[in-house]
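Following: one structure in structure tokens, then a few remarks.
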Amino acid sequence: MTNSPSNPRNFSSPNDDDLTRKDSLFKDNLAQRHRRGIVWKVIFQISTVIGIIALSTLLIKILNDTMGYAAIEYKKDPSTISSSGLPLDEMTCSELRVILAENVTKNRLRTIEREKPMVERSQSECLDLVISEVAEPTVKKTWPLFASLFNYEEIQSIAAEEYPGGDLIFKVWLSRAFILSPQSDDPLKAGIRTAILGSIYIIIIVIIFAFPIGVAAAVYLEEYASQSRINQIIQTNINNLAGVPSIIYGMLGLALFVRYLEPLTSGAIFGSADPTTANGRTILSAGLTLALLILPVVIINGQESIRAVPNSLRQASYGMGATKWQTVWSHVLPNALPGILTGTILAVSRAFGETAPLVVVGAATFITFDPEGIFSKFTSVPIQIYQWTARPQDAFRNIAAAAIIVLLVLLLLLNAAAVFLRNRYSRRW
Amino acid sequence: MYEAKNTQPPAGSLIDTPPEIDISHRSRLHEQIIQGFLIFSGVLSIFVTFGIVLFLGREALLFFTDPQVSLLEFFTGTVWQPQIFRFGILPLLTSTVMTSLIAMCVAIPVGLCVAIYLSEYASPRIRGIIKPSLEILAGIPTVVLGFFALTFMTPLLRSILGNETVQIYNMFSAGVVMGILILPLISSMTEDALHAVPNSLREGAFGLGATKLEVSTQIVVPAAISGIAAAIILGISRAIGEAMIVAIAAGAGPNFTFNPLEAAETMTGHIVRISGGDISYDSLDYNSLFAIALVLFLFTFLLNVISQRIIRRYREVYE
């Protein structure tokens, strides 16, 4: 039984020791290899989780800043405003109107009347007006949402200690009023309407210029261009342009549209020069700059969609005697359109979030009026975020976060439209 | 003789010869106009490149020909102070390199690991969740990431390392957040490259007894190395050209330092800050921005060309 056949090693070879050693080496090694495999698998998984954590931290951080407690100090204490001793929130609108008339200048009163006549305002609107016009609150310090929810006592004691005359209110920075009001120096009144309108104007210009030219270039490169040297250069050039930093496009826009083509972009040659503009730093310049920026992306996406249209369609069309353009217009483009639109929307959403080129082209730092046309000064949502972020006060961080939410929601809508188009109309050949 | 006879209509035939239509020479004016527009659109991209070179070059030339500027000082000087006419690009360049380096230290390892995980390990369901999330991260505007760097990453860093060592504006947090920005770019390009490696290679390696890790790192990654290299180079180019994160979080004011916890302005950050303020045209200050932009453009252009070359030349083509 010592030479058991169940142990084949004993029969196999004379140098038995050597083989056993090799075998055990192999087995050790195998375990080690598997261990290493598991360790690295965990590392790969952790890396992926890091990416997801980064995204969620970003979103949570921003949401965290959009609401929370704010310590507010008043120039004039609201409880001392009313002469009758009645608390402000129990007064009727007409009583509040009297207080307002006593405390603000005639000019200011007229401006307020022009915005919306006092008689038409509701009690709460009147109250807000009196608070903001007469008591003149300023935000001293703000706390983010999580701290506000879980550390209320601490916040209360800090606020009571540092700002004894002030109020502690729960402020939702992202509100209807924030979206609808124009820009202001006071974070309590500041809104993002001018910036949203500016962004929309700019995006319309971008679409008007980038879409037709981009699609035309894609059609040319895919359907018309021969394999000549010049066309290869164009193709390489487009690929390179797609990688040029956006700030370089801003410099091009500054030199070309703002300065070189100033008569055109300021509207001077159309005789409609806006006296407040006085140079080429207009919506038109900004739109054209961003159009150049996304043009390569639109072209490359367009090419891919056109390439995906099967050749049999073209051949069938030619077989029916159609000309090249008839084939392209009636068969290739309709079938490539969903892809082209999806690519364009994604490119436009990139333009929507661009900041650096617009800063370089010369976004206005402070405008409170809505843009009147393409020759107006401009600002956009990302520009506003940049300017508010750059301010040191707490409250501006909060409205920057609120503006970021607005921006992200707008981008999400654009992207959802792209996904919808892709799913609804895309065909597989 | 025979052919000629055949083409003749038979005498006394009732069928008239149809009128000659020469399709090839029929000109359709509107199609020619349309084709002209298409060609113009195609060629426009060349004009854009020329425009960039021309306008950047012209203003930069004005800058370099100014008696107060010397080319040597521009490339070797360590002080950038336009107020006293000191134009040495090195402080701007070093901080650009520093932030990009930090960004790549974050983005390359994590990006590669994510790509390998998604391409080789993850089930289709997990891939379907993670890939779109990373695409969302890639689509977030850079100004938002700048806000994140300044209001989250910097306070976090300061609470760990102390307020004295970490300045409010510092290159490190800008670099890390820039890495987060570039991470999806690298991971998605790398994943595409890994995905293009044919399964027969993997199966061959598995058949020889390789573990999953060995297949991934010794077979699939080397086979896709050209795509990975291109992704990394493109990521570097993106990091160098990125403006808003560094403009917000890395600091205002050029600073010649290699300490990542200090504030230092990058090339892009400088352009954003100066052009965002009141700047008078045709001043030396204004022209100097174009000189910086030209340097930036040449850098990124070179990197993009290299990246494309690598893709084209070293791509392994599988049947």
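Quick notes on this structure:
- Only one of the numbered conditions (1) modelled with pLDDT under 90; (2) under 14 Å from B:VAL43 (Cα atoms) is violated by A:GLY191, and that is (2).
- For the range A:293-300, the criterion of being away from chain B (no Cβ under 11 Å), buried (at least 23 other Cβ atoms within 10 Å of the Cβ) and part of a helix (DSSP H, G or I) is met by at least one residue.
- Qualifying residue in the range B:175-187 (condition: modelled with pLDDT of 90 or more, over 20 Å from B:ALA243 (Cβ atoms) and in a helix (DSSP H, G or I)): yes
- Inspection of the range A:195-209 finds no residue satisfying the criterion of being within 22 Å of B:THR151 (Cα to Cα), under 27 Å from the mean Cα position of the chain (by Cα) and modelled with pLDDT of 85 or more.
- Residue ID - farthest from the other protein chains (Cβ to nearest Cβ), chosen from residues in the range A:32-81 that are small (Gly, Ala, Ser) and not in a helix (DSSP H, G or I): A:ALA71
- Of the helices (runs of 4 or more DSSP H) lying entirely inside the range A:161-259, those containing at least 1 residues that are without any contact (Cβ under 8 Å) to a residue 12 or more places away in the chain and surrounded by 15 or more Cβ atoms within 10 Å (Cβ to Cβ) span A:193-219, A:229-241, A:246-253.
- Meets criteria (facing chain A (nearest Cβ under 7 Å), surrounded by 14 or more Cβ atoms within 10 Å (Cβ to Cβ) and not hydroxyl-bearing (Ser, Thr, Tyr)) for B:LEU145: no
- Count of residues meeting criterion [facing chain A (nearest Cβ under 8 Å) and either touching a Pro at 6+ places or on another chain (Cβ under 7 Å) or without any contact (Cβ under 8 Å) to a residue 40 or more places away in the chain (or both)] in the range B:88-121: 3
- Positions within the range B:203-223 being out of contact with any Lys or Arg (no Cβ under 7 Å at 6 or more places or on another chain) and touching a residue at least 60 places away in the same chain (Cβ under 8 Å), in sequence order: B:LYS212, B:SER216, B:THR217, B:VAL221, B:ALA223
- Residue in the range B:191-208 that is hydroxyl-bearing (Ser, Thr, Tyr) and crowded, with 20+ Cβ neighbours inside 10 Å present: no
- Across the range A:137-160, the number of residues qualifying as within 21 Å of A:ASP77 (Cβ to Cβ), charged (D, E, K, R) and assigned to a helix (DSSP H, G or I) comes to 0.
- For the residues A:SER376, A:SER380, the requirement of being crowded, with 18+ Cβ neighbours inside 10 Å, within 12 Å of chain B (Cβ to nearest Cβ) and small (Gly, Ala, Ser) singles out A:SER380.
- The lone criterion from (1) surrounded by 24 or more Cβ atoms within 10 Å (Cβ to Cβ); (2) in a helix (DSSP H, G or I) left unmet by A:ILE306 is number (1).
- From A:ALA347, A:ALA402, A:ALA390, A:ALA395, residue being more than 8 Å from every other protein chain (Cβ to nearest Cβ) and modelled with pLDDT under 90: A:ALA395
- Criterion violated by B:GLY51 - all others in (1) within 8 Å of chain A (Cβ to nearest Cβ); (2) touching a residue at least 24 places away in the same chain (Cβ under 8 Å) satisfied: (2)
- Meets criteria (surrounded by fewer than 23 Cβ atoms within 10 Å (Cβ to Cβ), within 10 Å of chain A (Cβ to nearest Cβ) and at pLDDT 90 or above) for B:LEU150: no
- Qualifying positions in the range B:20-48 - part of a helix (DSSP H, G or I), modelled with pLDDT under 85, at the interface with another protein chain (Cβ under 9 Å from one of its Cβ atoms) and under 26 Å from A:PRO212 (Cβ atoms): B:HIS30, B:GLU31
- Taken over the range B:263-294, the criterion of being within 16 Å of B:LEU90 (Cα to Cα) and in a loop (DSSP other than H, G, I, E, B) is satisfied by B:ALA263, B:ALA264, B:GLU265, B:THR266.
- Residue within the range B:90-110 that is surrounded by 15 or more Cβ atoms within 10 Å (Cβ to Cβ), over 30 Å from B:LEU294 (Cβ atoms) and touching a Lys or Arg at 6+ places or on another chain (Cβ under 9 Å) present: no
- Some residue of the range A:348-356 being assigned to a helix (DSSP H, G or I), farther than 13 Å from A:ILE203 by Cα, touching a residue at least 12 places away in the same chain (Cβ under 8 Å) and not basic (Lys, Arg): yes
Let's see how each residue does on (1) touching a strand residue (DSSP E or B) at 6+ places or on another chain (Cβ under 9 Å); (2) small (Gly, Ala, Ser); (3) at pLDDT below 75:
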residue	(1), (2), (3)
A:SER124	no, yes, yes
A:LYS140	yes, no, no
A:TRP143	yes, no, no
A:PHE146	yes, no, no
A:GLU154	no, no, no
A:GLU161	no, no, no
A:PRO164	no, no, no
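- Selection within the range B:233-259 - in a helix (DSSP H, G or I) and of a type in the set (Val, Ile, Thr): B:ILE233, B:ILE236, B:ILE240, B:ILE245, B:VAL246, B:ILE248
- Screening the range B:255-300 for residues that are acidic (Asp, Glu) and either within 24 Å of the chain's Cα centre (by Cα) or crowded, with 19+ Cβ neighbours inside 10 Å (or both) and picking the one that is farthest from B:SER70 (Cα to Cα) gives B:GLU262.
- Conditions (1) in a helix (DSSP H, G or I); (2) farther than 30 Å from A:ASP65 by Cα; (3) not acidic (Asp, Glu); number of the one not met by B:GLY111: (2)
- Failed item, numbered, when A:GLY280 is tested on (1) surrounded by 19 or more Cβ atoms within 10 Å (Cβ to Cβ); (2) modelled with pLDDT of 85 or more: (2)
- Taken together, B:ILE89, B:ILE84 contain a single residue that is more than 21 Å from the chain's Cα centre (by Cα), modelled with pLDDT under 85 and of a type outside the set (S, T, N, Q), which is B:ILE84.
The values are calculated or read from the model by the stated rules, or taken from the named source; none is laboratory data. Quantities reported herein were computed from a predicted structural model and do not represent experimental measurements. Every residue, glycine as well, gets a Cβ built from its backbone with ideal geometry; the counts of neighbours run over all protein chains shown.
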